[in-house]
Amino acid sequence: MRKNIVAGNWKMNKTLQEGISLATALNEALATEKPHCDVVICTPFIHLASVAAIVDSAVIGVGAENCADKVAGAYTGEVSAAMVASTGARYVILGHSERRAYYGETPAILAEKVRLALAEGLTPIFCVGEVLEEREAGKQEEVVAAQLSGSLFGLTAEEFGKIIIAYEPVWAIGTGKTATAAQAQEIHAFIRATIAAQYGAEVAAETSILYGGSCKPSNAAELFANLDVDGGLIGGAALQVADFKGIIEAFK
Ligand code: PGA
């Protein structure tokens, strides 16, 4: 069976000390009440080694929010997949809409990042999702299919089996505006069908597809109850232990 997963995306928030406090508090909170899903926290690069050392790896996985599209060398300011893995992190978010929009990450660049992440044994959390104009024009399926095929469908079925997908409608990220449960289910089912057409029904059935975009304790259970919604990628609500724990508790 595919896994249910709640993953936090801290984005560019928290100093190292604040991040350590948050990770420590979350670790304590989940030690007493074991979660009924996989829990991952994706942090800024500089937090990774400290956070990985603090958390119980049996309960909380640690991930980066990005990695380089090059192996090593003269790429000032970049952090490679091997460096991420060397911290103890096991996941990496790739293709987040903020990376695509603000840092010019193209499908080809993302395909390379995915390849390098997999080569280092990292699990990519690969993000797809349409902007508001595309949703209003009814183009969300076309957009998401192109994002999947443009960066992932060069993988073998075995490689693809290691990927987690996060559907994040850009109009719902950080806006307080969430996709309805029906909207989420509809496009998640489409994503699964698209994966099935490429890799077969078995691979598609095993792929975890997370929802992201203003997910919070008050709407998580309704979103996660859908057949094809296997958890969430959480931004703002991952920055407070109570909120993040509230979302994790949607799986009971
Ligand atoms: P949000 O962000 O939960 O703050 O909307 C989600 C994300 O961008 O991963």
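Against the condition under 25 Å from G8 (Cα atoms) and part of a helix (DSSP H, G or I), how does F190 come out, does it pass?
Details: under 25 Å from G8 (Cα atoms): yes; part of a helix (DSSP H, G or I): yes.
Against the criterion (under 25 Å from G8 (Cα atoms) and part of a helix (DSSP H, G or I)), F190 qualifies.
For A237, state whether it is within 12 Å of the ligand (Cβ to nearest atom), among the small types (G, A, S) and assigned to a helix (DSSP H, G or I).
Details: within 12 Å of the ligand (Cβ to nearest atom): yes; among the small types (G, A, S): yes; assigned to a helix (DSSP H, G or I): yes.
Against the criterion (within 12 Å of the ligand (Cβ to nearest atom), among the small types (G, A, S) and assigned to a helix (DSSP H, G or I)), A237 qualifies.
Let me confirm something: among E142, E134, which residue is crowded, with 18+ Cβ neighbours inside 10 Å, of a type in the set (D, E) and free of Cβ contacts under 8 Å to residues at least 60 places away in the same chain?
E134
Just the residues that are open to solvent by 10 Å² or more (accessible area, probe 1.4 Å) and in a strand (DSSP E or B), please, taken from region 92-126.
T123
On the basis of being outside any helix (DSSP H, G or I) and open to solvent by 20 Å² or more (accessible area, probe 1.4 Å), does V79 make the cut?
yes
Picking from V55, V39, V84, which residue would you name as being crowded, with 20+ Cβ neighbours inside 10 Å and within 16 Å of the ligand (Cβ to nearest atom)?
V39
When you check F160 against the structure, is it more than 16 Å from the ligand (Cβ to nearest atom) and surrounded by fewer than 18 Cβ atoms within 10 Å (Cβ to Cβ), yes or no?
The answer is no for F160.
Over 24 Å from G19 (Cβ atoms), at pLDDT 95 or above and not aliphatic (A, V, I, L, M), is that true of G104?
So G104 passes the test.
The values are calculated or read from the model by the stated rules, or taken from the named source; none is laboratory data. Only a predicted model underlies this, so the values are computations on that prediction, with no experimental measurement involved. When we count neighbours, we look across all protein chains shown, and the Cβ atoms used for this are built from the backbone with ideal geometry, even at glycine. Keep in mind that these areas ignore ligands, DNA and RNA; they rest on the heavy atoms of the full protein, side chains included. Shrake-Rupley method; radii C 1.70, N 1.55, O 1.52, S 1.80 Å.
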